[in-house]
Each structure stands twice: as C-alpha cells, then as structure tokens.
Amino acid sequence: MATQIVAGVLSLFTPIIDGVFKVGGLFKGKDTVDHSYQKPSPTDRRSPCPMVNALANHGYLPRDGQNVSLAQLVAGAKAGVNLGSDSGLLVGVKALQTSSTGNWLTFHLDDLSKHGIIEHDGSLSRKDIHSGDNHTFDPEIWAAVAAHFEGEIISIETAAKARKDRLKLAQKQNPKFDFNNDAQRFSFIETSLYLGIFGEGTEGNAKTEWVRTLFEHERLPFDEGYKRSDKPLTIAKILTLVDKVKTAT
C-alpha cells in the first residue's frame, strides 16, 4: 500500500520532473553520446543489477560507474529503455541511501550491493549476502532460473514460476535467508521490469533471447532486434505487472 501511495504521488509530479530535466538538458532531442556496448574495465564499478550495469556498459550512465547522480540515473534509464521518470526517481531515491561517495546526492554503482536497501536475498542472478558475494553474476543460479524459459516468449506465469522456484532454493540453501517486505517488493519489481521492458507492456510476454542477453552479458539486446518502446514504463505499469506476477505465483 505504501509503495502505491508513493507511486501515485510521484506520478502526479512526472510532468514537472520531465520539465526540469528538459530545461537542464538531460532529456535531449538529439543524443550525441556513443551508446555502443563496451565491456567494463577492471577499474569500472558495477552493481548487482544487470539492467543498471547494461545502462553503464552502453554509456547511458557513466561508464566508470562512479558518482552517479539521481538526475543521471533517471535520464539514463529513460534514454536507454524508456523507464518512466517516476519509476527512475523511486529507484534512484533508494539508490542514494546506499551512497559511499561522501556526497548524499550521488552513489557509485557498486554501492548498490549494500544489503537490504535495493539488493535482496533470492536474486535471479546473484548469490545471497550470506555467501559472502552478493555482487557477482552467478551462472549456476541464473541457469536454474533460465531453465524455465523454454520458449521464445516468457509469459507472466512462467516468470512467476521461475521467481518462486528461485526463492524456494535460496531459502533452502541459506540458513540466514532474509526476505522482509522491502525484499519482497524489489523481488517482484525485478521480475516485472524485465517483463515490461522486453515484453508487451503490462501483458508481459518478454522475448527470451532479449532477457538472456541482459542477464548473461549485461548488454541491451539491440543486436537481437530490441527497440526502445515509445511508451514509458511508469510506476503504475510496473505495479500492474507486480500484481499479475503475485496472482500467478
């Protein structure tokens, strides 16, 4: 309920948010930045979130992953995958709570590994914090999730089953499994985001190849045919998907 109230308030301010960023030059009519994929260097910082990492790997966020501002996160996510400004702001405000930069208005991407704010146990592609590494992509964990994706399309029902089974396994393997309300919320959002961005909006049906490209290579699947939607993925749409994933679980 609290998330829905915040979502409603932020949605009311979306035109203002967009207007401020346009005036500031962050939402430009013509983007001249090179958005080709570049593998991060050993000194570049990355997060436990494949989507955030992909945005950095394509230059929608600072490629070095350092000192990312709220405005950069919102604008970068909008430019890269058309995540609604309200959605980007909600995630960004939480991201700032992880900051180790010394400036509460910025964060490093690897700050997002801080447990219990956005990062949570039962990730679709990372180990739990109890293992000692909740940051690095884990092929074995992801393989168990991706084994559910047998067709070319991932339905809401399939995504819900993959998430549910991942949580069961994590709970079985982790004696300190931590899954409070915030963790549950972001777990549902994690699944809803890939369904909404790589699928048919609130209907889900994400393309399997695109989802696998994101998780396995932390790259946006432009080479596989992905095109940024003209319609932003707003908080309202994400919450609709969350409700559908809950119902299908």
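Since Val93 meets every condition but one in (1) within 30 Å of Gln171 (Cα to Cα); (2) touching a residue at least 24 places away in the same chain (Cβ under 8 Å), which condition does it not meet?
It is condition (2) that Val93 fails.
Quick check, is Ser47 in contact with a Phe, Trp or Tyr (Cβ under 6 Å, 6 or more places away or on another chain) and within 24 Å of Asp128 (Cβ to Cβ)?
In short, no.
Just to check your reading of the model, which residue among Glu224, Glu209 is outside any helix (DSSP H, G or I) and either β-branched (Val, Ile, Thr) or without any contact (Cβ under 8 Å) to a residue 60 or more places away in the chain (or both)?
When all the criteria are applied, what remains is Glu224.
From Ala95, Ala75, Ala79, which residue is surrounded by fewer than 23 Cβ atoms within 10 Å (Cβ to Cβ) and assigned to a helix (DSSP H, G or I)?
Going through Ala95, Ala75, Ala79 in turn, the sole match is Ala79.
Scan the range 186-202 and tell me whether some residue there is in a helix (DSSP H, G or I), modelled with pLDDT of 95 or more and open to solvent by 50 Å² or more (accessible area, probe 1.4 Å).
Looking through the range 186-202, none of the residues is in a helix (DSSP H, G or I), modelled with pLDDT of 95 or more and open to solvent by 50 Å² or more (accessible area, probe 1.4 Å).
Can you find a residue that is over 29 Å from Asp138 (Cβ atoms), at pLDDT 95 or above, open to solvent by less than 40 Å² (accessible area, probe 1.4 Å) and small (Gly, Ala, Ser) anywhere in the range 49-69?
Within the range 49-69, one or more residues are over 29 Å from Asp138 (Cβ atoms), at pLDDT 95 or above, open to solvent by less than 40 Å² (accessible area, probe 1.4 Å) and small (Gly, Ala, Ser).
Provide a single number: the residues in the range 102-124 that are in a loop (DSSP other than H, G, I, E, B), surrounded by 16 or more Cβ atoms within 10 Å (Cβ to Cβ) and free of Cβ contacts under 8 Å to residues at least 60 places away in the same chain.
The total comes to 1.
Test each condition in (1) in a helix (DSSP H, G or I); (2) touching a residue at least 24 places away in the same chain (Cβ under 8 Å) for Glu140 and report the one that comes out false.
Glu140 satisfies every listed condition except (2).
I'd like the residue in the range 125-145 that is more than 17 Å from the chain's Cα centre (by Cα) and not charged (D, E, K, R) and, out of all such residues, is surrounded by the fewest Cβ atoms within 10 Å (Cβ to Cβ).
Ranking the candidates gives Gly132 first.
So, in the range 162-177, how many residues would count as being in contact with a helix residue (DSSP H, G or I) (Cβ under 8 Å, 6 or more places away or on another chain), under 15 Å from Thr249 (Cβ atoms) and in contact (Cβ under 8 Å) with a residue 40 or more places away in the chain?
3
The values are calculated or read from the model by the stated rules, or taken from the named source; none is laboratory data. Bear in mind the structure is a predicted one, so any value in this text is a computation, not a measurement. For neighbour counting, all protein chains shown are included, and Cβ atoms are generated from backbone atoms with ideal geometry for every residue, glycine included. These accessible areas exclude ligands, DNA and RNA; they are computed on the full protein's heavy atoms, side chains included. Shrake-Rupley method; radii C 1.70, N 1.55, O 1.52, S 1.80 Å.
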